[in-house]
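Structure, as structure tokens:
Coordinate-derived values only; no laboratory data. Everything quoted here is computed from the prediction, not taken from an experiment. Here the Cβ is made from the backbone with ideal geometry for all residues, glycine too, and neighbour counts use every protein chain on show.
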Amino acid sequence: MEKKYLNFGLVIFLVAANMRISIIMLSPILTKVAAALNLSSAVMGSLTSIPLLCFALLSIFVAPLGNILGSKRSLNLALGLIIVANLFRVYSPTLLILGTLLCGIGITFLNVLIPAAILEWKPKEALKLNGLYTASNSFFCALTGGVASPLAQMLGWKLTLQLSAIPAVLAMILWNLYVTKNQPSQSEPGPKSSQLQNFVLVLKRPEIWLLALYMGLQSVAFYALTTWLPTVISAAGFSANQAGLLFAFFQIVGFPVSYIAASFLKSKQRYYGVTVALIFCFTLGSLLLVYLPNFVGVVLACIALGFGVACTFTISMSLISILSKERNETNLISGMVQTIGYLLASLGPTLFGYFKTNAGWNHSLWFLTITMLIWGLIGLILGRFINWQKH
């Protein structure tokens with residue numbers, strides 16, 4: 001029986017808080033870190049690309065490992081890597097790179113394994129909990145981005161980065177308290193010998209390949225916007241401070257919608273309706289930045305695009321659980337989908353910047369619109385493979 005003072009939702013909220021804090025905390029203070037450690041431009045660039053490469057290259061391997069270890073040990077390993085990395089990466093350039101790599105590996109585990117842990121412990125509440133953990137991700141991204149620079153000024157950049165370990169410590173404590181006092185609703189994964197067979201079966205399902213493209217295209221939009229949106233806003237005539245505030249607004253507006261987005265998957269009609277609505281959001285946001293780049297237009301664009309990226313991520317992660325026929329498949333599907341998704345995501349900022357260099361920001365925004373139109377078409381096709389009566 002679940003203890004009332006420690007519910008699973010709170011545990012997942014704190015575990016999910018660690019999915020991006022270690023990355024976001026570094027970005028606003030990167031120039032301070034670079035000056036203190038005498039980092040080259042190449043090293044500075046690698047610090048932002050290492051985690052994304054981990055997501056793209058390691059997710060497929062994390063999946064079977066997670067099935068072998070089980071959710072308790074897997075999440076402890078992930079949180080432990082994040083704690084160690086954040087405590088020790090501040091002392092030298094080598095440790096900074098190694099620590100960033102360990103953060104990337106730990107977060108890769110969280111990316112892949114949280115949907116499976118939810119399905120294992122609370123399968124009947126999977127949609128709500130998927131919304132909760134993606135909302136946690138959005139909230140802590142915005143919060144961390146806002147407090148990192150002021151904290152670095154007050155406490156110094158080293159202590160600021162080390163503070164990133166605190167949410168992981170709290171999450172590990174609560175996770176172990178919960179799993180010690182409660183039992184999963186579904187059994188642990190099967191024997192090691194079944195992993196290859198399960199993976200082959202997953203590869204044969206066309207809806208999983210569609211979901212991988214669905215995840216990948218929404219990731220293209222997310223990473224293109226998080227990389228370039230402040231620059232696009234500045235190019236419209238706003239100051240750097242104004243662009244930063246509007247970018248923070250873009251991130252925070254997604255927090256409430258992240259939580260409710262999963263509820264749109266409770267019926268076929270809702271799913272198709274929200275897919276069309278999200279296509280409209282991305283198209284509207286892009287067109288406002290192209291044709292109405294004044295204050296009102298940019299604010300409305302940030303709202304539309306913020307809603308869009310938050311909803312699409314929540315729905316993508318929820319579909320991993322929905323399309324899993326059994327507990328054993330969840331990690332494998334999550335690993336495959338996120339491997340392809342993040343490989344595509346790595347192209348987003350590059351292509352967005354390429355179109356700007358060769359044709360201007362308007363063409364970059366049209367690239368974003370076309371990408372999400374294709375995403376919407378794949379989403380509509382994907383809806384045909386969902387067993388709606390199951391939910």
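At-a-glance table
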| read-out | value |
| --- | --- |
| Footprinting exposure proxy for 321, 346 (fewest neighbouring C-beta atoms within 10 Å first) | 346, 321 |
| R0 of 22 Å, Cβ-Cβ distance residue 149-residue 296: FRET efficiency to nearest 0.05 | 0.20 |
| Mean-position separation - Cα centroids, the range 47-108 and the range 16-41, in angstrom | 16 Å |
| Cα-projected label distance for residue 277 with residue 87, points at 7 Å along beta-carbon direction, nm | 4.5 nm |
| Additional length obtainable on full extension of the chain from residue 358 to residue 386, 0.36 nm per residue less Cα span | 6.0 nm |
| Loop trypsin sites (Lys or Arg not before Pro), the range 203-311 (other Cβ atoms within 10 Å of the site Cβ: 13 or fewer; DSSP) | 204, 266 |
| Cα-centre dipole for the range 8-189 with unit charges at Cβ (Lys and Arg positive, Asp and Glu negative), debye to 20 | 160 debye |
| Total lysine pairs under 15 Å (Cα atoms) in the range 8-189, excluding pairs fewer than 8 apart on one chain | 4 |
| Relative packing of peptides 154-163, 81-90, 55-64 - highest average C-beta neighbours within 10 Å first | 81-90, 55-64, 154-163 |
| Order by protection proxy (mean Cβ within 10 Å, highest first), peptides 224-231, 174-181 | 224-231, 174-181 |
| Extension gain (nm, one decimal) between residue 227 and residue 36, 0.36 nm per residue minus Cα-Cα | 66.3 nm |
| Among (i) 1.02; (ii) 1.18; (iii) 0.95, the entry derived from the coordinates for Cα Rg over 2.2 N^0.38 Å | (iii) |
